[in-house]
């Protein structure tokens with residue numbers, strides 16, 4: 001079976017601006033402030049996802065910083081949330097620099113549930 005990536009349509013500048021403004025010019029995931037030129041557009045449900053496929057439609061798009069967009073990859077939101085929440089244990093298992101930083105009290109792991117910026121965003125504050 002040959003892998004065929006989903007065809008994506010090109011957004012107009014106006015459509016890109018609408019995505020940019022969705023969360024008051026912040027990344028939908030981590031909440032960092034975005035410059036328009038830095039914004040990437042993420043498909044919330046990936047169009048070529050690992051476990052489900054979403055549409056290439058405006059209602060499936062969020063503004064994202066480069067780091068979040070690339071780290072999320074083709075994960076669902078819940079799959080990515082689990083991956084992020086597992087990070088302290090994964091680092092402790094796999095990264096000797098992290099282990100030593102914890103051992104010497106330079107880093108303190110603080111596992112907790114991940115809440116994405118868009119889940120706590122109150123649009124009324126910005127209108």
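What the table shows:
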item: The chain - mean residue ellipticity at 222 nm from DSSP helices (-39,500 (n - 2.57) per run, n ≥ 4, rounded to 500); result: -9000 deg cm²/dmol
item: Computed label-point distance, nm, for sites residue 10 and residue 67 using a 7 Å Cα→Cβ extension; result: 3.1 nm
item: Choice from 19, 115, 102 with maximal GNM fluctuation in the chain (Cα, 10 Å cutoff); result: 102
item: Rounded if a/c under 1.5, otherwise prolate or oblate - the stretch 28-102, Cα gyration tensor axes; result: oblate
item: Choice from 66, 16, 93 with maximal GNM fluctuation in the chain (Cα, 10 Å cutoff); result: 93
item: Max mean-square fluctuation residue, GNM over the chain, Cα-Cα springs under 10 Å, options 37, 52, 85; result: 37
item: Stokes-Einstein D for the chain, Kirkwood Rh over Cα pairs, 37 °C, 0.692 mPa s (µm²/s); result: 199 µm²/s
item: Quarter of Cα convex hull surface for the stretch 73-121, i.e. mean projection, nm²; result: 4.3 nm²
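Readers should treat all values here as calculations from the given coordinates under stated rules, not as data from a laboratory. Nothing here was measured: the structure is a model prediction, and the numbers come from that model. So basically every Cβ, Gly included, is an ideal-geometry build from the backbone, and we count neighbours across all protein chains shown.
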